[in-house]
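Here the structure comes first, spelled out in structure tokens, and everything after it is commentary.
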Amino acid sequence: VHQTLDTAQSTHTTCPYCGVGCGVEVRKTKNSLTHNHQVNGIVGHPANQGRLCVKGSSLAETIGTKSRLLFPQFQANGQTEQVLWSQALDKIANTFKATIEQHGADSVAFYVSGQLLTEDYYVANKFVKGFLGTANIDTNSRLCMSSAVAGHKRAFGEDIVPGCYEDFELADMIVLVGSNTAWCHPVLFQRIAKAKESNPDLCVVVIDPRHTATCDIADIHLPLLSGTDVALFNGLLHWLHQHGAQDHQFVTAHTQGLSDALKQAGEHRDTKALAELCGVQLQNLEAFFKKFAQTEKVITLFSMGVNQSSQGTDKVNSIINCHLYTGRIGKPGMGPFSMTGQPNAMGGREVGGLANMLAAHMELNNPVQRDRVQRFWQSPLIASENGLKAVELFEAVEAGRIKAIWIMATNPVVSLPNADQVKRALSNCDFVVVSDITAKTDTTAYADVLLPALGWGEKDGTVTNSERCISRQRAFLNAPGEAMPDWWAISQVAKRMGFDSAFDYHHPSEIFDEHARLSAFENLSSESDTYDVSAAQAENLVLAMSNSNPSTNFDFRYFNLKGLCGLSKAAYDALPPLQWPVLTPYQGTSRVLTNHRFSHPDGKARFISVKYEPPRHKASRDYPLALNSGRIRDQWHTMTRTGLAPTLGSHIPEPFIDMHPNDALSFGIKQNELARLHSQWGTLVARVQCSGNMRRGQVFVPIHWTAQTASDARVGALVNPVVDPVSGEPEFKHTPVRIEPFHVQ
Ligand code: SF4
């Protein structure tokens, strides 16, 4: 099992883009350290089995030092000054220390990213929550999957994705909700398309307001009105109930709360009225309901169209309710399946990357779990209350309650909702640190200190994809300039603030081992068990526990890496892809919840009674259109990497506004001409296309362009700062806007 994946000329690593998490083999084609690399999919990688999409296969075009931030810098009044690392680190440590002494721990914050490796994420969270004593560390994954996390916890008692990608090949029905899988998770889409070729009975249903490329393989497309998902899935639950589709044994033995959920679902008993509410054809809605009721092996994938909503968590639970009702969970080819957007959104969850979590999936507001983590870290104090979630965190910066912030590997001036407010916040903030690979982003402009980070191909660590597969990112390039790993920069600041021994890391393998040991410690059932698990002890622990069934005494039965405790550096370097839980050495687990024991105290899953609510801000006379936003096929986030690849730029070279041709006509807008969108929060100018993919009353704008790449076509500037009340995830899919022709003066 200790296979050596690297050779001198070939490195096995993981794609840095979407949550599919494809294995990538990089070969040097010439004897050069920075150019001339060939990139292929790894045939033996469980996520992609040799495939890559166009973004992955263009990775070699993004390698190099062009546009890179290469040295630490101080920045003031538009002037930058190159400084030594020691000067930059001293300044950060001194300023954070003084700010905390003067204003308290909650006056500082970190805003990090699903681009961080798990080791970076772990050290950042340990430092902030266990040593600074605040939980003000949130992540751009808040914008991506926090509604799924909250929905999982409500239903299962823990944050867990039950299934795996193989389930898409075993299913007889795949429901894709709020997901343009073809463009946003292309390799998984390729696997689904291939499964459909070989299984003529496989029915694919796409539930999405837009007619996207994913509809190419759809048997049924339900172009629902944005935000009506809870009504639709409540209607499905009621319909299943009416048509005898309940798995009585499963529901009785393994769930609670059905009657309340059914009562609420009964509000949508009139299928004709439901079709009108959702804006879909009655016959298609009924065809979907019938097929769902009749098909045993159903998997329901959901993504940003579900999560990014003022009712995102309820939407997630409305989907899970239907799977619980039919007992379709924890079995091959069936289950609810949350796709994450980012390469390491799942890894961030493992180490407490959200402001309301602790490492090893423990909870900040659980005193027993807090105590365990604190004793494991031997930290002087630990945050005792949830920190601020992304949107409220930047509101606190603008209000002056947060006076120092460290932003890592993300570009919130582009990507957050109400993005102009983020500009104002960072302008007003006393002290802003930005760690990035790129010298000039819309966010680096506001930094007092800039730190050069390592990028893909340079940094070493792990990421976890949407099916819980931990996969190594390996370095095959030298660090450019003075760029350093993020975990190193944080550790250096921690040491300067007096926390030497807790941050004395020399290699990411040491951090991974600590992370694995904390997960094993979490699963020790006795408070008297040692938490300082040496490699030998870990091995004994693994052997002792490998044959035992997960105990309900464990707070979290599934997330653990006890089979990976005590890995040597060499073993870490050669670590093959493994799906957690890793209960015994090198044995991953593809599917969980197979014994139908859930992590609520009684071992039962919960139906959650959810009531349909329309999007918080409705279209109005002044703002009659609903703005939807999302990714395009060939770009990634704010284009700092994909923008370097000519192959990718040729697909869609500029930002656009997609709308229905009749809407364009009624607003006096012509195809391919410029138009300006206005919302209550900001404006944007882009060229109009009428692709025929949009419903009337809705417009779509991609999320990628920035002030750096187009004359300020940041869609974030328009997006309402409304968030889901449970998860804090913003409503990126529904902002009221108006449109007018734009004429260049
Ligand atoms: Fe990378 Fe996602 Fe494409 Fe795979 S599907 S190559 S992870 S962008």
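The values are calculated or read from the model by the stated rules, or taken from the named source; none is laboratory data. All values derive from a computational prediction rather than experimental measurement. Here Cβ is always computed from backbone atoms with ideal geometry, including for glycine, and neighbour counts include all displayed protein chains.
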For residue 128, are the conditions met, namely being touching a strand residue (DSSP E or B) at 6+ places or on another chain (Cβ under 8 Å), away from the ligand (no atom under 16 Å from the Cβ), of a type outside the set (S, T, N, Q) and in the same structural domain as residue 359 (by TED's automatic domain parsing)?
yes
Out of (1) modelled with pLDDT under 95; (2) crowded, with 20+ Cβ neighbours inside 10 Å; (3) over 28 Å from the mean Cα position of the chain (by Cα), what's the single condition that is false for residue 664?
(1)
Look at segment 48-84 and say how many of its residues are more than 13 Å from the ligand (Cβ to nearest atom) and not in a loop (DSSP other than H, G, I, E, B).
10
Residue satisfying condition, being out of contact with any helix residue (DSSP H, G or I) (no Cβ under 7 Å at 6 or more places or on another chain), away from the ligand (no atom under 16 Å from the Cβ) and over 30 Å from residue 263 (Cα atoms), within set 650, 590, 629
650
Qualifying residue in segment 128-137 (condition: modelled with pLDDT of 95 or more and under 15 Å from the mean Cα position of the chain (by Cα))
no
Being modelled with pLDDT of 95 or more, part of a loop (DSSP other than H, G, I, E, B) and crowded, with 19+ Cβ neighbours inside 10 Å is the filter here; which residues of segment 696-720 pass it?
718, 719, 720
Of the conditions (1) in a loop (DSSP other than H, G, I, E, B); (2) modelled with pLDDT of 95 or more, residue 738 clears all except one; give me its number.
(1)
Test: residue 405 is more than 16 Å from the ligand (Cβ to nearest atom), in a loop (DSSP other than H, G, I, E, B) and in contact (Cβ under 8 Å) with a residue 12 or more places away in the chain
no
Please determine whether any residue of segment 139-159 is within 16 Å of the ligand (Cβ to nearest atom) and outside any helix (DSSP H, G or I).
yes
Within segment 239-258, identify whether any single residue is among the hydrophobic types (A, V, I, L, M, F, W, C), within 16 Å of the ligand (Cβ to nearest atom) and either surrounded by fewer than 19 Cβ atoms within 10 Å (Cβ to Cβ) or at positive phi (or both), and answer yes or no.
no
Requiring at least 1 residues that are free of Cβ contacts under 8 Å to residues at least 40 places away in the same chain and within 25 Å of residue 145 (Cα to Cα), the strands (runs of 3 or more DSSP E) wholly within segment 446-529 are none
Elements of type strands (runs of 3 or more DSSP E) in segment 595-691, at least 2 residues being touching a strand residue (DSSP E or B) at 6+ places or on another chain (Cβ under 9 Å) and β-branched (Val, Ile, Thr)
683-689
Hey, can you tell me all the residues within segment 196-225 that are more than 26 Å from the chain's Cα centre (by Cα) and either within 16 Å of the ligand (Cβ to nearest atom) or not in a loop (DSSP other than H, G, I, E, B) (or both)?
196, 197, 198, 203, 220
When residues of segment 368-391 are limited to those that are crowded, with 17+ Cβ neighbours inside 10 Å and charged (D, E, K, R), the one farthest from the chain's Cα centre (by Cα):
372
Being aliphatic (A, V, I, L, M), touching a Lys or Arg at 6+ places or on another chain (Cβ under 8 Å), at pLDDT below 50 and surrounded by 19 or more Cβ atoms within 10 Å (Cβ to Cβ), is that true of even one residue in segment 527-539?
yes
Out of segment 593-626, which residues are touching a helix residue (DSSP H, G or I) at 6+ places or on another chain (Cβ under 8 Å) and among the basic types (Lys, Arg)?
597, 604, 606, 611
Which one of these is closer than 30 Å to residue 704 by Cβ, within 16 Å of the ligand (Cβ to nearest atom), in contact with a helix residue (DSSP H, G or I) (Cβ under 9 Å, 6 or more places away or on another chain) and not in a loop (DSSP other than H, G, I, E, B): 341, 347?
347
